[in-house]
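Student: Have a look at this one.
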Ligand code: NDP
């Protein structure tokens, strides 16, 4: 396994890494902050840490050279910075796309090449968002990256399917991680969003992790190319 994680707080990547390790998987966790990896390994000594900035194509290639063979991949790392449409800068655009889309392409290429070579197939889950399918104020670039990611998931499913590699995305509503707090800690904003979610709550980290585990597992053996909402019904309305 290979996934991006977070060592402090309740990030989705960290919780996914720990859940997979509890299932008995050999987990490699990739993120760019060493302190986060150290605390993760302190909590679960079997996890192999890899510290790299996924936006750096060359460094990522080098860091992942000795990792493998890999059966399961979760592309979780993402960058969010919010600004009104008219104030979006080229830097924010480039940083977001380089992590949320380009790094997913790159890491998936590395892993899928390995899966193809061993002929054993595999499963890839891209962590997307409800923001891929719904306009959210101040989220121009983030929404655009997640829309691109959903489409990339489908083309990956198309091209990697013949190698028995399934590719799906999980698309959560707000989760109160560090990233969730960035957009939704204002009580008025949170209430507006909550009022549009039929189940009346944000997603818990565990809700997302469970869906990731399902899409990685044999329980979803015939599922590929889907964007699986974990949104409490938000996009049904
Ligand atoms: P966090 O901010 O807690 O986690 C994001 C992780 O990505 C951090 O560990 C961060 O490291 C890492 N990361 C960012 N940029 C890079 C990079 N260049 N190289 C390596 N690692 C990097 O957010 P969440 O756990 O909430 O987000 C996880 C996923 O869930 C993301 O894809 C997000 O878009 C998605 N999501 C989140 C929602 C929410 O409301 N929280 C809702 C819907 C989807 P560092 O801290 O060092 O920057």
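Student: Using Cβ contacts closer than 10 Å as the measure, can you line up 79, 142 from fewest to most?
Tutor: 79, 142
Student: So, one more: Which of 181, 22 has the fewest other C-beta atoms within 10 Å, and how do the rest follow up to the most?
Tutor: 22, 181
Student: Over the chain, with a Gaussian network built from C-alpha contacts below 10 Å, which listed residue (199, 160, 105) shows the highest mean-square fluctuation?
Tutor: The residue with the greatest mean-square fluctuation here is 199.
Student: Could you please state, rounded to a whole Å, how far the C-alpha centre of region 183-231 is from the C-alpha centre of region 106-163?
Tutor: 17
Student: Please compute, for the alpha-carbon atoms of the chain, the extent along each of the three principal axes and give them in descending order in Å.
Tutor: 50, 38, 35
Student: Can you give the calculated 222 nm mean residue ellipticity of the chain, where each DSSP H run of n ≥ 4 adds -39,500 (n - 2.57) and the sum is split over every residue, rounded to the nearest 500 deg cm²/dmol?
Tutor: Mean residue ellipticity at 222 nm (helix-derived): -13000 deg cm²/dmol.
Student: So what's the angle, to the nearest 10 degrees on a 0 to 90 scale, between helix 103-118 and the longest Cα principal axis of the chain?
Tutor: That helix lies at roughly 30 degrees to the long axis.
Student: Can you give the angle from 0 to 90° between the axis of helix 12-22 and the longest principal axis of the chain, with both taken from C-alpha atoms, to the nearest 10?
Tutor: Result, in degrees: 40.
Student: Would you mind checking the tilt of helix 140-160 against the longest principal axis of the Cα atoms of the chain, expressed as 0 to 90 degrees and rounded to 10?
Tutor: Compared with the principal axis, the helix lies near 30 degrees.
Student: Moving on. So if we plug the beta-carbon distance of residue 118 and residue 206 into 1/(1 + (r/R0)^6) with R0 = 41 Å, what FRET efficiency do we get, rounded to 0.05?
Tutor: That pair, residue 118 with residue 206, gives E of 0.80.
Student: Pick from 37, 72, 82: which residue has the top mean-square fluctuation in a GNM of the chain where Cα pairs under 10 Å get a spring?
Tutor: Of 37, 72, 82, the Gaussian network model singles out 82 as fluctuating most.
Student: Between 157, 117, 103, find the one with the highest GNM mean-square fluctuation for the chain; connect C-alpha pairs within less than 10 Å.
Tutor: The residue with the greatest mean-square fluctuation here is 117.
Student: Using a 10 Å cut-off around each Cβ, can you sort 48, 197, 212 from fewest to most neighbouring Cβ atoms?
Tutor: With the sparsest Cβ surroundings first, the list reads 48, 197, 212.
Just so you know, all these numbers are worked out from the coordinates, no wet-lab data involved. All of these numbers come straight from a predicted model, not from anything done at the bench. Please note: Cβ atoms are built from the backbone with ideal geometry, for glycine as well, and neighbour counts cover all protein chains shown.
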